[in-house]
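Step one of this worksheet: look at the structure below.
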Amino acid sequence: MWKPATDFATMRCLTHPLLKRLLGLSPQRVPGGLSQSKGPDLSLKWSALRQSCSGRPGLVTATDAVNYWHKVFETNGILEARESSEYIVSFVLGAKTFQSLNSKSLHTPLTAAQQEQIQQLSNKRLQRMPVQYVLGEWDFQDLTLKMRPPVFIPRPETEWLSTLIQEQESQSCPEVVSKTLQ
């Protein structure tokens, strides 16, 4: 069950009046309450983030979104919280990794559609769905594989083993490898 973070000092976008709104319970909607189909209900917190970040109401940058979801994932015990939030945000922005985004992309406000997509994907991750299934694709060597259950998720060790086997084969049969590459 999702619990509000007790250490809000590390969430640079939240302010004291905002905390009161976030932690206040209304009879119809409980922040962070679980719905039967969508997992944790974070829409109030996400809209609060939009109102408080970037110094202007309604604007959230990629960096703001990564920091926010990192904290939410971490609070909920999601492994690799920072990496998950970076993969989700970069996927929505059309990049393979967060580090590959240029400075302009990192500081340009996200559109409402991008924010909604990040929230939907992040809610799936909060339900403990592997990030590879959340994104629906994952890179393996030079391939982008479509990922959905029950497809096995390629692990870094598998990629390393595959590379090792390719190297061994190219050393033992160089003429066969060169013919297959042509």
Evaluate segment 94-110: report whether one residue or more is of a type in the set (D, E, K, R) and touching a residue at least 24 places away in the same chain (Cβ under 8 Å). yes
So Ala113 passes all but one of these: (1) under 16 Å from the mean Cα position of the chain (by Cα); (2) surrounded by 13 or more Cβ atoms within 10 Å (Cβ to Cβ); (3) under 20 Å from Thr63 (Cβ atoms). Which condition number does it fail? (2)
Criterion violated by Asp142 - all others in (1) open to solvent by 90 Å² or more (accessible area, probe 1.4 Å); (2) among the acidic types (Asp, Glu); (3) in contact (Cβ under 8 Å) with a residue 12 or more places away in the chain satisfied: (3)
Members of segment 152-164 that are open to solvent by less than 60 Å² (accessible area, probe 1.4 Å) and of a type in the set (A, V, I, L, M): Ile153
Output the number of residues of segment 83-98 satisfying the condition of being open to solvent by 80 Å² or more (accessible area, probe 1.4 Å) and at pLDDT 90 or above. 1
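The values are calculated or read from the model by the stated rules, or taken from the named source; none is laboratory data. Model, not experiment: these values are computed from the prediction. Neighbour counts run over all protein chains shown; Cβ positions are idealised from the backbone, glycine included. Just so you know, the surface numbers come from the protein's heavy atoms only, side chains and all, with ligands and any DNA or RNA stripped out. Shrake-Rupley method; radii C 1.70, N 1.55, O 1.52, S 1.80 Å.
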